[in-house]
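Worksheet: the structure to be examined is printed underneath.
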Amino acid sequence: MASTVDITLESAAPFVEKTPLERYVAPEKPSLIGLSRAELADALAQAGVLEAQRKMRVQQLWHWIYFRGFTEFDAMTSVSKELRAELAQRFTLARPEVVAEQVSVDGTRKWLLRLPGEVQGERPHEVECVYIPDTERGTLCVSSQVGCTLTCTFCHTGTQRLVRNLTAGEIAGQVMVARDRMGDWPGATRPTDGVVPSGERCVTNVVMMGMGEPLYNLDAVRDALLIVSDGDGLSISKRRITLSTSGVVPNIERAGAEIGCMLAVSLHAVRDELRNELVPLNRKYPIAVLMDACRNYPGVSNARRITFEYVMLKGVNDSIEDAKALVRLLKGIPAKINLIPFNPWPGSKFECSDWEQIEKFSAVVFDAGYASPVRTPRGRDILAACGQLKSATEKLSARERMALRAMAMVD
Ligand code: SAH
Ligand code: SF4
């Protein structure tokens with residue numbers, strides 16, 4: 001295999017923004033998951049709750065749904081029997097359906113989730129969600145789209161069609177599914193296999209680093225993350241939620257102002273010429289413009305740094321010169337650097353940098369004052385790595401899918 005990849009301007013990928021197919025049929029009985037408090041009050045109005053009672057009822061439901069994790073209205077003892085029945089007639093508390101679960105030797109768990117609304121004979125509306133446990137924390141990697149609007153050349157999701165944006169309920173629902181599966185609700189039982197963090201909670205951090213570009217689905221991502229961070233419910237602090245973007249500049253400021261979570265930027269190259277090829281969106285929002293948006297990210301400070309992700313591609317972006325230029329580029333921006341070993345996928349034209357080169361590159365970054373910049377790949381045996389989500393299951397036959405479904409039942 002060639003040790004370098006020839007990147008020329010002529011070969012650079014064009015900038016393509018995919019339009020969602022959006023052939024989506026919403027379920028007849030909608031789930032209440034994903035509704036804001038105001039929307040929940042509207043739903044209660046539909047169910048006949050008088051205005052004077054709505055605020056109190058919203059508080060009650062919020063508690064049962066997001067603090068206790070209940071999946072049935074009938075178990076909500078503080079709600080009158082009549083209202084419980086009325087709600088069950090009109091709504092559900094459905095989360096995305098778990099089609100398969102895989103547990104890695106290192107404890108990483110991957111769930112294949114089916115979303116409602118797929119059109120018969122067309123591609124299933126499925127995304128993956130990955131849980132990465134550590135001794136003291138558990139990080140959940142959440143998807144925002146089925147497919148992706150963009151076409152980054154090193155990313156498998158970029159080669160797929162954009163089927164549709166996830167709804168706020170489907171995004172927040174991924175956190176609920178993870179808590180269901182990890183027994184992460186008050187009084188629930190933890191799984192006995194895999195790794196479970198030592199603290200009170202299993203899901204302590206959320207990263208929007210699954211399938212899709214969150215800033216091309218900002219409204220739903222915002223609504224979901226406001227639910228995920230709500231102190232009366234799921235209660236994951238905004239400092240423990242990271243939104244990763246390939247650089248949708250006009251929405252970076254909005255994300256900071258409207259969500260206020262931590263930001264990660266998929267940089268991957270320090271020259272426009274190369275970034276145009278790796279992240280074609282760079283043709284629209286070049287590096288200088290992206291860096292300005294980062295400098296102005298609401299709330300950015302030394303205590304709230306922006307993470308810059310940099311995928312290590314052999315012979316493409318991994319020279320010592322690149323490392324030095326990276327450090328120069330980030331000067332003055334409160335930053336962390338995450339060097340990600342490239343995860344190859346069938347048909348990808350890139351290779352992961354040699355470990356020796358990653359170490360040399362990381363030494364330059366480390367000497368410039370950035371701590372432990374290399375991200376250890378997790379869940380490799382179950383293909384839980386970035387940019388590979390759904391690539392394995394997609395190739396499965398219907399029979400294999402059925403077998404996976406059955407596996408999901410045994411837990
Ligand atoms: N669309 C968003 C978030 C999802 S991708 C974004 O691009 O930031 C999450 C991270 O995985 C990004 O930094 C992305 O560049 C990286 N990634 C994608 N494919 C990868 C691969 N094959 N190997 C390593 N990292 C990859
Ligand atoms: Fe989409 Fe992110 Fe993959 Fe680029 S790296 S194609 S933005 S998921």
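The values are calculated or read from the model by the stated rules, or taken from the named source; none is laboratory data. Just so it is clear, the structure is predicted and the values come from calculations on it, not from any experiment. Reconstructed Cβ throughout: ideal geometry from the backbone, glycine too, with neighbour counts over all protein chains shown. The protein model used for the area step is the full one, side chains on, heavy atoms only, and it has no ligands, DNA or RNA in it. Shrake-Rupley method; radii C 1.70, N 1.55, O 1.52, S 1.80 Å.
Of everything listed in (1) over 13 Å from the mean Cα position of the chain (by Cα); (2) buried (at least 21 other Cβ atoms within 10 Å of the Cβ); (3) away from ligand 2 (no atom under 16 Å from the Cβ); (4) under 28 Å from LYS349 (Cα atoms), the single unmet condition for PRO124 is (2).
Residues that are at pLDDT 95 or above and farther than 21 Å from TYR131 by Cα: does the range 97-109 have at least one? Among the residues of the range 97-109, not one is at pLDDT 95 or above and farther than 21 Å from TYR131 by Cα, which makes the answer no.
Based on what the data block shows, is PRO298 under 30 Å from TYR66 (Cβ atoms) and of a type outside the set (A, V, I, L, M)? The answer is yes for PRO298.
Inside the range 127-139, residues that are open to solvent by less than 10 Å² (accessible area, probe 1.4 Å) and either more than 16 Å from ligand 2 (Cβ to nearest atom) or without any contact (Cβ under 8 Å) to a residue 24 or more places away in the chain (or both) make up a count of 3. Screening the range 188-228 for residues that are small (Gly, Ala, Ser) and crowded, with 23+ Cβ neighbours inside 10 Å and picking the one that is farthest from ligand 2 (Cβ to nearest atom) gives ALA224. If you take the residues of the range 93-106 that are touching a helix residue (DSSP H, G or I) at 6+ places or on another chain (Cβ under 7 Å) and open to solvent by 50 Å² or more (accessible area, probe 1.4 Å), which of them is nearest to ARG57 (Cα to Cα)? Within the range 93-106, the match that is nearest to ARG57 (Cα to Cα) is GLN102.
For residues that are away from ligand 2 (no atom under 15 Å from the Cβ) and among the hydrophobic types (A, V, I, L, M, F, W, C), scanning just the range 229-249, find the one that is farthest from the chain's Cα centre (by Cα). Out of the qualifying residues, it is LEU234. Scanning the range 140-187 for residues that are open to solvent by less than 20 Å² (accessible area, probe 1.4 Å), away from ligand 1 (no atom under 13 Å from the Cβ), over 23 Å from TYR24 (Cβ atoms) and not in a loop (DSSP other than H, G, I, E, B) returns LEU140, ALA178, ARG179. For the range 63-78, the candidate set comprises residues that are among the hydrophobic types (A, V, I, L, M, F, W, C) and surrounded by fewer than 19 Cβ atoms within 10 Å (Cβ to Cβ); within that set, the residue that is farthest from the chain's Cα centre (by Cα) is ALA75.
Looking at ARG109, ARG114, ARG57, ARG90, just one residue is open to solvent by 40 Å² or more (accessible area, probe 1.4 Å), touching a residue at least 24 places away in the same chain (Cβ under 8 Å) and of a type in the set (Lys, Arg), and that residue is ARG90. The residues of the range 26-53 that are open to solvent by less than 60 Å² (accessible area, probe 1.4 Å) and in a helix (DSSP H, G or I), listed by number, are LEU40, ALA41, ALA43, LEU44, ALA45. Does ARG275 count as within 12 Å of ligand 1 (Cβ to nearest atom), among the basic types (Lys, Arg) and touching a helix residue (DSSP H, G or I) at 6+ places or on another chain (Cβ under 6 Å)? Yes: the conditions hold for ARG275.
Apart from one condition, VAL311 fits all of (1) at negative phi; (2) within 13 Å of ligand 1 (Cβ to nearest atom); (3) exposed (fewer than 15 other Cβ atoms within 10 Å of the Cβ); the exception is (3).
Conditions tested, residue by residue: (1) outside any strand (DSSP E or B); (2) among the polar types (S, T, N, Q).
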{"residue": "GLU82", "(1), (2)": "yes, no"}
{"residue": "GLN89", "(1), (2)": "yes, yes"}
{"residue": "ALA94", "(1), (2)": "yes, no"}
{"residue": "GLN102", "(1), (2)": "no, yes"}
{"residue": "PRO124", "(1), (2)": "yes, no"}
{"residue": "VAL127", "(1), (2)": "no, no"}
{"residue": "VAL130", "(1), (2)": "no, no"}
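From the list ILE306, ILE287, ILE259, ILE252, pick out the single residue that is open to solvent by less than 40 Å² (accessible area, probe 1.4 Å), away from ligand 2 (no atom under 16 Å from the Cβ) and more than 16 Å from TYR370 (Cβ to Cβ). On inspection, the qualifying residue turns out to be ILE259.
Filtered by the rule that a residue be assigned to a strand (DSSP E or B) and open to solvent by 10 Å² or more (accessible area, probe 1.4 Å), the range 262-277 gives MET262, SER266.
Comparison of GLY256, GLY247 shows that the only residue that is part of a loop (DSSP other than H, G, I, E, B), of a type in the set (Gly, Ala, Ser), in contact (Cβ under 8 Å) with a residue 12 or more places away in the chain and within 16 Å of ligand 1 (Cβ to nearest atom) is GLY247.
Number of residues in the range 320-345 that are open to solvent by 40 Å² or more (accessible area, probe 1.4 Å) and farther than 17 Å from VAL265 by Cα equals 4.
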